[in-house]
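Engineer: Could you have a look at this structure, given as structure tokens, before my questions?
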Amino acid sequence: KHISEQKVIEAIDPRKDVDGFHPVNTGRMISGLPAYLPATPDGILELLGYYRIETAGKHCVVIGRSNIVGRPIANLLSQKGWDCTVTLCHSRTKNLAEVVRGGDIVIAALGKAEFVTADMIKPGAVVVDVGITRVPSDRTKSGWKLLGDVKFDEVAPKCSYITPVPGGVGPMTIISLMKNTLKAARREVYKLIAAAGAVRCRRRAIVKIPSGFRRGFFVFRRAFSRKPGGRGVVRSCSQPIRSARCFPFCRIGRGISTRSSVRVRNPRRGIRSAG
Ligand code: NAD
């Protein structure tokens with residue numbers, strides 16, 4: 001409890017955030033820009049895609065609004081390409097059973113064992129069970145077993161597809177995390193940021209960081225002054241930013257005043273001078 005989850009997440013470099021929890025990645029994801037997607041939602045999309053489950057125009061009911069599962073999957077499924085009409089339910093939702101009954105696709109991510117029962121599911125619906133709850137069991141050697149949020153035995157005969165627990169969304173989450181790690185190693189998400197390694201300041205430059213934003217210009221990171229419009233010593237150069245602003249990144253553009261010129265090597269466009 002004494003550790004601030006938000007502070008820890010914000011301390012992560014978005015370029016290495018393979019969990020996809022940093023606000024830069026969630027913001028990019030919501031804007032439909034390349035980003036590390038959170039592993040569980042990405043795993044669910046992979047499953048829906050693999051089994052060619054029709055999503056366009058379908059009503060998807062998501063139960064649970066956590067930042068790591070409910071909220072991102074609700075957002076992703078509403079985006080172009082998936083085209084679902086999404087209802088996001090949570091602990092304060094009224095008539096939950098009725099809302100869930102309207103779902104062509106039901107994603108249960110609330111962490112309550114066997115919460116979703118057969119009477120809450122529309123015949124033929126697709127059910128994705130994210131929940132994992134460990135409960136005591138005298139049938140297993142370990143003394144416990146895992147249960148999902150869906151009462152599998154009674155819901156399975158009623159729906160067209162259902163994911164088991166364990167062995168459903170869980171392994172997909174692991175795969176997605178590995179996929180993100182591979183993408184990070186290959187620098188696939190932040191292509192040009194990755195080029196930061198190839199980018200060098202010839203000399204230290206004192207730059208005025210304009211407060212405006214322009215598409216496609218280079219960004220100089222970690223200037224001493226983080227204030228837009230302030231002055232700072234550029235230590236390293238990084239990427240052109242196409243998306244939302246990240247506070248420590250200050251945008252540099254035309255009309256910039258530099259005491260010495262800064263040469264930025266962009267593998268795509270060759271060498272250009274930003275100074
Ligand atoms: P969380 O506790 O952060 O969020 C639970 C959400 O469920 C909350 O938004 C809450 O509003 C909602 N909720 C709680 N009780 C409810 C109720 N009675 N009716 C409607 N909504 C209710 O949970 P989380 O981190 O999203 O995880 C949810 C479950 O998924 C947990 O069991 C967790 O172990 C599991 N999980 C599994 C994977 C996987 O890889 N399979 C990954 C992440 C989480």
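The values are calculated or read from the model by the stated rules, or taken from the named source; none is laboratory data. Note that the structure is predicted; figures quoted are calculated from it, not measured. Because the Cβ atoms are built from the backbone with ideal geometry, glycine has one as well, and the counts that use them run over all protein chains shown. Just so you know, the surface numbers come from the protein's heavy atoms only, side chains and all, with ligands and any DNA or RNA stripped out. Shrake-Rupley method; radii C 1.70, N 1.55, O 1.52, S 1.80 Å.
Engineer: Taking only protein heavy atoms and a 1.4 Å probe, what accessible area per residue, in Å², does region 1-66 have with all protein chains in place? If you can, show how the numbers build up before the last one.
Structural biologist: Details: 3590 Å² over 66 residues.
Dividing the accessible area of region 1-66 by its residue count gives 54 Å².
Engineer: Applying the Karplus parametrisation 6.51 cos²θ - 1.76 cosθ + 1.60 with θ = phi - 60° to the phi angles of region 48-54, what ³J(HN,Hα) value in whole Hz is obtained for each residue in order, glycine and proline being reported as x?
Structural biologist: Once θ is set to phi - 60°, the couplings for region 48-54 become 4, x, 4, 8, 6, 7, 5 Hz.
Engineer: Under 5 Å between amide hydrogens, which residues at least 5 positions from LYS145 or on another chain qualify, with H placed 1.01 Å from N in the peptide plane?
Structural biologist: VAL135, SER137
Engineer: Classify region 1-155: rounded, prolate or oblate, from the alpha-carbon gyration tensor (a ≥ b ≥ c, eigenvalue square roots; a/c under 1.5 rounded; otherwise prolate if a/b is larger than b/c)?
Structural biologist: On the way: a/c = 1.85, a/b = 1.19, b/c = 1.56.
It comes out oblate by the Cα gyration axes.
Engineer: Not counting ligands, DNA or RNA, and with a 1.4 Å probe, what is ASP19's accessible surface area in Å² rounded to the nearest 10?
Structural biologist: Result for ASP19: roughly 70 Å² accessible.
Engineer: Tell me, what is the 1.4 Å probe accessible area of VAL86, in Å² to the nearest 10?
Structural biologist: Counting only protein heavy atoms, the figure is 40 Å².
Engineer: Given a 1.4 Å probe and heavy atoms of the protein chains only, how would you sort ARG65, ARG187, ARG134, largest accessible area at the top?
Structural biologist: Numbers: ARG65 100, ARG187 130, ARG134 150 Å².
If we order ARG65, ARG187, ARG134 from most to least accessible, we get ARG134, ARG187, ARG65.
Engineer: Students sometimes get this wrong: rank TRP82, TRP144 by accessible area, probe 1.4 Å, all chains present, largest first.
Structural biologist: Details: TRP82 65, TRP144 90 Å².
If we order TRP82, TRP144 from most to least accessible, we get TRP144, TRP82.
Engineer: Could you pull out every residue, at least 5 positions away or on a different chain, whose amide H is within less than 5 Å of the one on GLY103? Hs are placed 1.01 Å off N in the peptide plane, and Pro or chain starts have none.
Structural biologist: Long-range HN contacts for GLY103: LYS122.
Engineer: How would TYR161, TYR50 rank on accessible area, largest to smallest, probe 1.4 Å? Walk me through the intermediate numbers first.
Structural biologist: Numbers: TYR161 100, TYR50 170 Å².
Ranked from most to least accessible, the order is TYR50, TYR161.
Engineer: What percent does the relative contact order of region 52-187 come to when contacts are Cα pairs within less than 8 Å and at least six residues apart?
Structural biologist: On the way: 260 pairs, mean separation 26.7, N = 136.
Value for region 52-187: 20 percent.
Engineer: What nm value, rounded to one decimal, do you get for the distance between SER66 and HIS2 when each label is placed 7 Å out toward the C-beta?
Structural biologist: 2.5 nm
Engineer: For ASP42, tell me the accessible area in Å² from a 1.4 Å probe, rounded to the nearest 10.
Structural biologist: Rounded to the nearest 10, that gives 20 Å².
Engineer: Using Cα centres only, tell me the gap between region 97-121 and region 60-84 in whole Å.
Structural biologist: One Cα centre to the other: 15 Å.
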